[in-house]
Structures are given as C-alpha cells and as structure tokens.
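First up is the structure itself, then whatever we jot down about it.
The values are calculated or read from the model by the stated rules, or taken from the named source; none is laboratory data. Remember, it's a predicted structure, so these values are computed and weren't measured experimentally. Virtual Cβ from ideal backbone geometry, glycine too; neighbours counted across all protein chains shown. For the accessible areas, the whole protein counts, side chains as well, though only heavy atoms, and no ligand, DNA or RNA atoms are used. Shrake-Rupley method; radii C 1.70, N 1.55, O 1.52, S 1.80 Å.
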Protein chains: 4
Amino acid sequence: MKLKVGIINVTGYAGSELARLLYSHPQVELTSVTGRSAVGKKLAEVFPHMIDIKLNITEELGKVDLVFSAMPHKASAEVILPLIKQGVKVVDISADFRLKDAQEYPVWYDFVHPAPELLPEAVYGLPEFYRSKIAAARLVANPGCYPTGALLALAPVVKEGLVYPDIIVDSKSGVSGAGRTLSLTTHYSEATDNVSAYALKGHRHLPEIVQELKALSPGFAPAVTFVPHLVPTARGILSSCYARAKEGKLAKGEAELRKLYKDFYKGEPFVRIVDQPPGTKQTWGSNLCLIYPSLDSRTGKLVIVSCIDNLVKGAAGQAIQNMNIMFSFPEKAGLEVIPLYP
Amino acid sequence: MKLKVGIINVTGYAGSELARLLYSHPQVELTSVTGRSAVGKKLAEVFPHMIDIKLNITEELGKVDLVFSAMPHKASAEVILPLIKQGVKVVDISADFRLKDAQEYPVWYDFVHPAPELLPEAVYGLPEFYRSKIAAARLVANPGCYPTGALLALAPVVKEGLVYPDIIVDSKSGVSGAGRTLSLTTHYSEATDNVSAYALKGHRHLPEIVQELKALSPGFAPAVTFVPHLVPTARGILSSCYARAKEGKLAKGEAELRKLYKDFYKGEPFVRIVDQPPGTKQTWGSNLCLIYPSLDSRTGKLVIVSCIDNLVKGAAGQAIQNMNIMFSFPEKAGLEVIPLYP
Amino acid sequence: MKLKVGIINVTGYAGSELARLLYSHPQVELTSVTGRSAVGKKLAEVFPHMIDIKLNITEELGKVDLVFSAMPHKASAEVILPLIKQGVKVVDISADFRLKDAQEYPVWYDFVHPAPELLPEAVYGLPEFYRSKIAAARLVANPGCYPTGALLALAPVVKEGLVYPDIIVDSKSGVSGAGRTLSLTTHYSEATDNVSAYALKGHRHLPEIVQELKALSPGFAPAVTFVPHLVPTARGILSSCYARAKEGKLAKGEAELRKLYKDFYKGEPFVRIVDQPPGTKQTWGSNLCLIYPSLDSRTGKLVIVSCIDNLVKGAAGQAIQNMNIMFSFPEKAGLEVIPLYP
Amino acid sequence: MKLKVGIINVTGYAGSELARLLYSHPQVELTSVTGRSAVGKKLAEVFPHMIDIKLNITEELGKVDLVFSAMPHKASAEVILPLIKQGVKVVDISADFRLKDAQEYPVWYDFVHPAPELLPEAVYGLPEFYRSKIAAARLVANPGCYPTGALLALAPVVKEGLVYPDIIVDSKSGVSGAGRTLSLTTHYSEATDNVSAYALKGHRHLPEIVQELKALSPGFAPAVTFVPHLVPTARGILSSCYARAKEGKLAKGEAELRKLYKDFYKGEPFVRIVDQPPGTKQTWGSNLCLIYPSLDSRTGKLVIVSCIDNLVKGAAGQAIQNMNIMFSFPEKAGLEVIPLYP
C-alpha cells in the first residue's frame, strides 16, 4: 500500500515540481491536487511537461495521509489548520510556520498569525539540523530556498563558534524563484541577460536565516546582511557567504576548514563538500547541496559558497526529503536522480 | 543479477547522458567507462554533476554484456568490430552503422567503411520502426538526433502515401548537439542570443532521413531539403516538417490527420500526439517525442512539428530504449522520468 | 532647426526602441512621447536604460512635424486619423494601414477598418520596394517584423519569376517580438531554453507577405505557408524561406543566384548579401538585413535565409529609415551604428 | 583632419568593441588594426557583425597618432615600449601598466616587468579619479573591468573615510569577460544556466583594487575580499560591495549617503546614481556606470551596487573616454549611445 499524498496549489513551480518528483517516488501515490485558478483542468493542461501524469485539478483536497501545501503565505496557514486537526500530516512549503516568533509575521509578511500556538510544535524542515524532530512531526515548515543554501553553508562554522557575528550572504537566484505569477521583472525580454540585486531593504528570508543561526549557537547574535540577486537562468541558487574567522581559530587554514565541513556533513545523503568551486548547473533537478568552504588568507575571511536547485533542495525536493523522514522511508527515496547536465 | 554495461567514450555529452540515465536503471549496472582524454580520472572529475557515481575512466573496456559506443564516426566502427566478434552486444551512438549503403560513407563521412558486411545486419535503432528487429539484434545503430525527430514526424503520412516527395525539414537544435569539443560557434558569447542556419550544402543526417523515408514506403522517392539551425539553448530539437498532401487525401482535414497519427503511434511508450504546438522544454531530460500534426488549409500543406531532447530521445535515451528491447526489459525502464520544467 | 517628432505609445518595445534610436539622430529632436499606462511619469522611470533622455510621458501629443504611432492595431488608426487631417506626417508601426484590402481587417484583426479610403494612399514602408512613394507620402505603414525579413529574402526571385508559387517561410523570432505585455508564454522561466512553433492556423503577418509578393510580380499567385517560431533570445528574426526554382531557371546555380541578389540590392544602405549563413546576433541593434541565398542542388530548392533585428529593421529602425526618406535626410541618418556583438 | 588611431590585437572582444565604437566617433579614423591569428583577413571575416567596416588585419601597425593595445598582459608591454619611444600615444587595455609596484607583476602575472621605469609615468585610466593626469599622459593604463565597477562604487565612502577597512566585493560578470579564447568554462552548453564563483585564491584584479583604494585615502589599509562570479549572459558586471560604516558616520542614514554619492560624481559624464537597484542590462553597449548606494540599517553595513558593461566602461568605452581626454575631444564623443534594451 502506497502512501496517499496531495498537493495544495499545484499550479505554481513548487507545486509542479512536487508532482514531477512524486511521480517517480516508489512508496508514494499522488492522488489529489488542488489549484484555484485551474479547477476542472487536467494537470497536463496547465503543465504540458506532465503529459504522463493523469490527474485532475480539483477545488477540494481528497483524502490523503500527507499533504504538501504550496499555497502563498497566510493562505497556507488557513488551509492547513483544519487539516492538522483532522490528523493529516503536513509539509508546508510556505513561510507560515517557519518563524518561531509570531511577532515576526506582521513585520515581514503583513499578517497576524492565525495559530501562534502551533509555532512551537512546527518543525523547521531542514533535515541536516532537525532530522529527529522531523521524524516525529505532524507539521513541518519547509525552509525557504535562500535560507536552505545559506544555512547549510554557514552551519559548521557558526555551530563551532569560529566566526564573528558580522556575516554577509550574497545570493544569486534563478528566475523561477520568483514564481509563476507574471511580472515585468520576470518577463523574458527584461530578465534575460540581466543581473540585479533586489530587496535591499530586507528580504523575507532574512529573519529565517537569523533565527536558525541563533538556534545553532546559543548566545550568538548574528548581524546578517543578506542581499539576493536575480540572474538569468530558470533554476539554481548560489550563495557566497562571508564571515571573519575568530583570532586563533582555524589556525591550520583551509585544510582544517574543509575537514570540519566534511565531518559536519558526514553521512548526509544530499550535502557534498566539493573540491572545486561549484556551479548551480551541477545541481539541476537534484536535491543536492554542494558546499565549497574556503579561506581568504590575505584577510582572514571565510568565503563559503553553496549551490542548490531552488525548486528541489530549495523547495519540493526538501519537502519530499522531509516526508521520507516523517514516514520512515529511505531518505533518498524519489530523490536519487543525477542532475541534468548540460 | 544486473546486466553489466559499459560506455566507450563517456567524455562527450552522449556518453555522460548515458551514464546519468543508466544510474537510475533498475536492471542495469554501469561497470566500465572509457575515454581517451581522461584516462585515470574519476568520472566526477570530468563531470562534476555525477559526483555520486563512483567510476574511474579507463583506457580499456572491462567485461560487459552490452556496450554503448559514443565514439566519433569511423573510430566507433573500429572499436566496435572486435567487440561484436567477442559476442558483446552493441548500441552504437555514432553514424557508423546507420547507412545501409557503404558507398555513402566516403561521400558524407570521408571514410571507407571498414566492415560493409555488417551493414545489412545492423538494425537502425528507431524502436517505433524496427522494434522486433532490435529485439533480435546484436548491433543496433542508434539514430541521429535530427533523423529521430524528423522521421517520427513524417512516418505516418509517408507510410500511408499521403504526401508528395517534396519535403522540407527545418530543424532547430540546442547547442549541446554540437558536442563538448570546443569551437567558436559554440563559445558562449557567440552562441547566446544567436540563431543561425548551417550545413546548407548538406548535413550528414540527410542520407539517414532519406534512407528511412524510403524504407517506409517502397517506391517513394523523397526529395528532402533538410536545414538545421542552431538556437541558444543547451538541449532540444524542434523540427518543423513541410509536405504537400496529395489531392484527394486527408479530405476530412486536420481531424483525419490527427487520428492517423494517434492510431499510428498507439501504444508507443514515448511518442505523444499533442493538442497544442509543443515546446522543446516539455521534453527536457526525458525520452519523449511530442508530435503536433497540422494542416495549412490555405495551401494544402502539412506542417508536422516534433520535439525531442536531443541528448535523450535523440541519443542516450533512445540507446537505452534499444537496450531495453534487446534484453526484454520493460521498454520504459530507466526512462520514466517526467521532464524537468521550468 | 531640427525636425520635431513624437512617439505615440512609447511604453512598448517598438516605442522605446524609437526613442533610443532617435536620441542619436542628428536631424531630429524627440519632443513628445505619450503612453496611457504611464502618463505623468518620466520616460526613464518606465525604461531605466534611457536615464539620459529627459522626457515626460504625456497623455496628449505635443505639436510635432512627424509622429510615429506604436499603438496596437485598431487603436492606432483611431489616433492617426485626426493627425493626418492636421497635416502631421505619420509613420504607423501598427498593421492598420499595411493591407490594401479593407476586407482583410475583419478577417485577420477583428475590426472593421475606420478609414478604408486612406488605404490606397498609405505607402507600405519597405524602402527597398517603395522608396520613391515613401518620399512623397504623408502616411507610411511600417511593415511587420516577419514580413520585412521574408519579403527582402524572397523579392529577387519572385520579381524575376524564378520560383513556383509554393513557398514556405519558417521564421524564428526572439521574444521581444511578443511585446512588453505580460503573458505566460513570455514569462522568463517558461520561455528560456524553449523553442516552439505558434500561430499554425495563420499568423496576422501572412496576408501582408502575400500582398507584397503579389505586388512584386503581377499574375503571381503565391501559396505561402508561414510558420513563426519563438526562440530564447530577446531580439532577432531569422527566416528560412523555401521555394522551388522553375525548370530552366538559375541554370548556373548558386553563383547566378548570388549575383542576382547582389544586383537586386546594389546600393541599398541596409541590405547585405553575405557569404556565410548569418546569425541574428550579427544584426543586434542595427538596421541591417543580412541575406544568404542558397540552392539545394539535390532537390532544386532555393533556401534563402535572412536575418534582422526585429526591433530595428523589423520596427523602429525601419520607421526611422522611412522618416529619413520622407524628409530627404540621408537614409542612414541615426542608423549608422555597428551591431552590438557579442 | 581626423585623428588616426590603431588597434593592436583587434581579434579579441576588447579589440572588436573598440573597432565598433570608434566607427561612430566623429573625431577619429580607425586606420590600422593588427591581430596575429588573422593577418591578411578582412576585419569582417573575423567579426561578421562589422560587415560595414572595411579594414584589413595586418601584422604590423600602420602610422597612427594613438594606439589602443588589446594584447594580453606581458605581450602588451613588449609591443608598447617601442611605440612610446616613437611618440605614439598609447592606451593599454592590458594590465601591464596598471600596477605601480613592479614587484606585483611576478606575483600576479608571472612575469618580470620589462620597463618598471615607465610605471610611475603611466596613468591609471579611471577618468573619475585621474582626469587631469590622463589629459597630460602619453601612456594610459586602462583599468580592469572588475576594478572599474568596484572602485567607482567604493570611492566616495573610502575617500571620505567613512568605512572600516574590511571590504567585500562580490562581482557577477558576463561570460565575455573571459575573452574569445576557447575553454570548457565558456563553452555554451557548460556556461548557460550556470552560476559559479571562481578565483577564490585571489583574482588578478585584486591588487589593482587595493592599490587604488589606498591611493584614495592615504593611510587607509583596506582588507579586500574580492570574489568574482560567472553568470550566464554575454555582457555586464554587477558588483555588490559591502563595508561597515564607522561609528558616528552617516548618522542621517541613506539620504546622507545618497547625497554624498551624487555630490561626488556631480558632472561626471558617465556615472549615474540611481534610485532603484540597477540591472546590468541597463548599461548594454554604453559607457555608463550605474551606482546604487544603500545602507543596511539593521547591521550598519553599506551595500553599494554598481553596474557596467564590462566591454564598454570596463574596457573599450573607457579606453575611448581616455583618448577623448588625452586629445581634448568632448569626453562623450563616440560614446553617447543609449544602452540597447531589451
């Protein structure tokens, strides 16, 4: 008997990527997909690449054991709450249960959280940090795409107390990160051949990064400057993270640094410490996170570069990894594919 | 016991795509990969996206049950001949056994064929045409990327004798079709944002297209003008095929045409007759061939559009499909993935 | 005293390209730009690349000697009619005065033409065909982007009566051709890495191509199949045109063909007959049309390939060329730039 | 009488961009172009987009008043030295005269400088820093592409002593910055859809950035971490520069910061302080440098973003700007074009 799963709001890129990946999952059957803008259509009408998936988009979710919510923030919480009460397990792709402090929601997301009592229970779904909690969770808050890359890059040195709080995360994201909703910024002729920074007044993923860096190292008060950039490619996030090593730490230089990272992520099914600076294309379609830790010996600054596919490890793939952990499936089930290249 | 397979010349894009796809194949183990320019290296050093495939590139092929040759033409025949004699089954990605007439090789490929006696036996590996012969073959000549798309688009109307011999195939290919060997044409800054026609004096895939169209319809003497174009994307071939319907044929118009195509490809695991003009991106990473048959009622001309991923259905995926048929595996084994989108 | 010119609807890509090019025109001053969606804004707010052009977008056109209308069809005719009466010269980028037969408008553009009496007077603004008429015109209908490339490619052989009426025009256009209005088709993540055919039931530029081919050769009844394709680049149209040479014509082959083209376009300021198949990128930002005439000696078919920048020779540049002719400026004034490459 | 200029090594992208831009320069005639790999060819054979420039590539430079050297480093110095002695003015695009300390050449460029006595005389060709010296120079060392963007972004706050020495420059460059020489990194199928960091052990442009930051503020000892990235576009560099404001400085926040930048660059013909985060595409083909200064009020860090076209303000355009200053031409002569967009 396969696990029955559903996707709420399959019509965006996170939703469609979930459907794509779940199709190949050996323990799971995708039985229900919803999407308000496309009720009554076949999934393949909305996404012709899924011509082989025979599913209709409905208004109401069918009976499932687990649901992925790919709704926008605020709407996601509203749709999830009754499901939780019915005993359906939930992986929420939205931000609605990522932040532990309910006060952050009005500040960053412009709404008052409808169920602050659930925030302590919701588990931040970064398996490399919270695997055992995820296994026991009924509600997993899937991390944002930028935080996934940044946190995996920074965790080893922050947890070990090797760096000063001044941290810079300079991220470059493919355009699919902006979703399927139309905008001039993501209009082809405007986005192609264009590189730009955005959200310089503060991106919503910042509080998530800060919260989880603090959680790694009690007493650490990170001062994170996070600047996302849009680059002309559909997929991929490369994050270049900068921090100054504390005096006397990492005295043996890059070799010590690399050993720390290899030890920290030993046995992790999807994190790889690489020998050469990685390219985002090395992760296309896969759940891998590639990390290249380096040390600028001239200035004592650490430069940690990470790459993910924003729609996989940064969204749908990580959600499936979380589901696998919640249901004791092999953690790589449905996620074993080699990246598409070139 | 899994089938042991090898790849000769894994260092090009067809070779690496084979390795990528075979990794997920349930009945097969990739045990040996060769590549002269990279002997002694790990596969992942040459192709970092295959970080999870632990294989060394060797000079000599190990013992295998089937080998894929991704060598360039001429060199491929040379390396294949002794293997055939040893009883190893071969799928040849090169052109060396595609043409039945040995005289064509000096004309199109600048070499005298070293084993013309094998040409009659070699099976042209387009499963939709030659499935049963492939099943019994020891040597399969995997079709070229352009012929795959063009032949699948044209077969139904040619076989049924519905069109005149004047046929135009206008194909648009992604740049990976030109391989991994460096050239100014495929230098990023030159190829990006650029569209161009090439090989206007005759492309090597032309005799292959003509040969197989003739084979479909004895007595038919197609006059094919084939013009390939380079478009700025890594993968994908879209072929727009033009032919004039014979008077009195297809009197019921496009509905009759579409029915013909649906019947012709009924049950085919990878060919889909689509309702809307398809985009190459709907096939990325998959073995699908999407066909959109249409009729220009103003001029009586048929316009048949087909899409494939040139590295999958146009090369590595089709090679695996052939292997599946040769070894009675499920034909879709290892090839069930949904295309990567967006 | 510079000529005062205005642009109606500067907020699309044809409009903005006009503003960009006119800025460098020595005889002209751009004094008025309108655009309903952006009234009150500075031009540089809508198009930041024009930071150095100090103009406000207004609702009403100021007093000018010549106006370019970049309005959508139907709306353009409405706004142009009163201007014509006021004695303002007009170059209309829309299709509203391109077709000589008013009956075509309901068929192809879904509206009844509001001023059919002006159609005979309006001059089709392809200078290579109608230079002297343009010089005397008060209303020039600037050709469509596809017709410009296709007509320049086909004119010499059609005019000389060298080909049969069966003609295929397979065009590949960059995405800017679809304009600045948002759509899923032109959403970055959908359009990048994608190639597709569209408008297979008949594109609006078809009647324009047919009309002008007929005009070149009285009695010639061309049966044109025109299939436009979208390719992933911002700019550029490459058209591959196929026609069969009449028996006994072009007996000396490609040399004769090339001579015909060179003679036909001798002295033309923007048409170049090239020795190698051209790429669209060789025309970026310029008013050039590159033509490569070739002959498939195996089948007797002509393959004529042309390249233009759809926003320049296919729209704004050609409009300026027309203005130059109308006002006896040097025809290349404001259009002498070398294409941007790479 | 126009100034006669030549280009040494016209066959790379800096050289071809010089030829493109000089073609439109009203005071200058390009009379001689050299390029070892293409001696005897027409310029338009090597670069088909320059079909309208009638020049032959020669081995030896003809008689000119000023020469641009686009030779690689080391070779450039060798070819320049005799020219200087002959009284030809030189703008050197290579790095050979940028660094004041001859000891840096073996370290960063692997050669012993052949004419260290000329280093004090050579003027670093950043007009915004050294306009009057350039006016009097016979040898101008044209800045590197990365330093141009980084230095213009950082100069105001460094010169005014507002920031601490810890500076991070995270730059994203289009692929043309890697030149026209073939490599796997710049092979289309590898570079498209790929984002990566490189030169993490130290890029050659670092000493240039450090030297000029020091020159801006005597006693300032900047600790610069510079990480270049490759992004999939032909042109453009976006640099995100991070530095911490000194306590008590910039107390009025971003308004004060923006005023500082506007004042600093007042009257500069090519630097623009923009109101919104800029995109590289806003500079395509132009000599503009767009700067967006911002302040992360949460952490007190400055984030200064700059954009240039690496081949124009980052190479050929700046070289022409330098020539204009050297010969008292209007500084914008030949450089007034509006960027190409979209």
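Values for this structure:
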item	result
Amide H within-cut-off set for A:Tyr124, under 5 Å, with H built and near neighbours excluded	A:Ala141
Inter-copy spacing of D:Lys266 label points, which lie 7 Å from Cα along Cα→Cβ, given in nm from shortest upward	6.1, 6.3, 8.3
For the pair B and C, total buried accessible area rounded to nearest 100 Å², probe 1.4 Å	3900
Globularity ratio of region D:146-309, using Cα Rg and 2.2 N^0.38 Å	1.05
Solvent-accessible area, 1.4 Å probe, carbon plus sulfur percent, for chain A	52
Protection-proxy order for peptides D:204-212, A:139-147, A:4-12, each taking the mean of Cβ atoms within 10 Å per residue, highest first	A:139-147, A:4-12, D:204-212
Per-residue average of Cβ from other chains inside 10 Å of B:173-184	4
Trypsin sites (Lys or Arg not before Pro) within region B:88-159, DSSP loop, no more than 12 other Cβ atoms inside 10 Å	none
Total formal charge among the other residues, if their Cβ is under 10 angstrom from that of D:Leu311, Lys/Arg +1 and Asp/Glu -1	+1
Other copies of B:Ala102: label-to-label distances in nm, shortest first, labels 7 Å along the beta-carbon direction	7.0, 7.3, 8.5
For region C:256-315, radius of gyration divided by Kirkwood radius, i.e. Rg to Rh on alpha-carbons	1.01
Region B:3-121 - percent relative contact order, Cα under 8 Å, separation 6 or more	23
At 0.890 mPa s and 25 °C, Stokes diffusion of region B:213-309 via Kirkwood alpha-carbon radius, µm² per second	165
Phi-based couplings in Hz for region A:216-232 (Karplus 6.51, -1.76, 1.60; Gly and Pro marked x)	5, 9, x, x, 7, 10, x, 10, 9, 9, 10, 10, x, 10, 9, 10, x
Rounded to whole Å, sorted largest first: equivalent-ellipsoid semi-axes of chain D, Cα gyration tensor	32, 22, 20
Sequence-separation-based contact order of chain C, relative, with Cα cut under 8 Å and 6+ spacing, percent	17
Fraction of alpha-carbon pairs over 20 Å apart in region B:3-121 - percent	42
Rotational relation B to A, axis-closest Cβ in chain B, residue and distance rounded to whole Å	B:Leu340, 3
Sequence-distant residues sharing a close amide H with C:Lys301 (under 5 Å, placed H)	C:Asp296
Inter-copy separations for C:Glu160, label at 7 Å along Cα-Cβ, nm, ascending	4.1, 6.9, 7.6
Student exercise, region A:146-309 dipole from Lys, Arg, Asp, Glu Cβ charges, in Debye to nearest 20	200
Angle between chain C longest axis and helix C:127-136 axis [Cα atoms, degrees, rounded to 10]	40
Protection-proxy order for peptides B:224-232, D:118-126, each taking the mean of Cβ atoms within 10 Å per residue, highest first	B:224-232, D:118-126
Accessible area (Å², per residue) of region C:146-309, counting only protein heavy atoms and a probe of 1.4 Å	29
Rounded to whole Hz, the Karplus (6.51, -1.76, 1.60) HN-Hα couplings of region D:46-57, x for glycine and proline	7, 10, x, 5, 9, 3, 8, 9, 9, 9, 9, 8
Average beta carbon contacts from partner chains per residue of D:271-282, 10 Å cutoff	6
Contact order relative to length of region A:261-342, as percent, for alpha carbon pairs under 8 angstrom and 6 or more apart	30
Exercise: per-residue mean of other protein chain Cβ atoms within 10 Å, D:13-25	2
Qualifying aspartates and glutamates (Cα of each under 12 Å from Cα of B:Lys201; at least 8 residues distant if same chain)	C:Glu254, C:Asp296
Trypsin sites (Lys or Arg not before Pro) restricted to DSSP loop in region D:211-265 with at most 11 other C-beta within 10 Å	D:Lys252
Summed side-chain charge close to A:Phe226 - residues other than A:Phe226 whose Cβ falls under 11 Å, Lys, Arg +1, Asp, Glu -1	0
Rounded to whole Hz, the Karplus (6.51, -1.76, 1.60) HN-Hα couplings of region A:12-28, x for glycine and proline	x, 6, 5, x, 5, 5, 4, 4, 4, 6, 5, 4, 9, 7, x, 9, 10
Distant-in-sequence amide H partners of B:Ala223 (H built 1.01 Å from N, under 5 Å)	B:Asp166, B:Ile167
Filter on A:Lys159/D:Lys159; A:Lys249/B:Lys54; C:Lys133/C:Lys214 - keep pairs with C-alpha separation over 26 Å	A:Lys159/D:Lys159; A:Lys249/B:Lys54
Lys, Arg +1 and Asp, Glu -1 on Cβ, resulting dipole of region D:1-85 about Cα centre, debye, nearest 20	80
The protein assembly as shown: radius of gyration over Cα atoms, expressed as a fraction of 2.2 N^0.38 Å	0.92
Net charge of neighbours whose Cβ lies under 14 Å from the Cβ of C:Gly161, counting Lys and Arg as +1 and Asp and Glu as -1	+3
DSSP-assigned coil residues among GluC sites (Glu not before Pro) in region B:223-300, each with at most 11 further Cβ atoms within 10 Å	B:Glu247
Diffusion constant of region B:37-196 at 37 °C, which comes from Stokes-Einstein with the Kirkwood Cα-pair radius and 0.692 mPa s, µm²/s	178
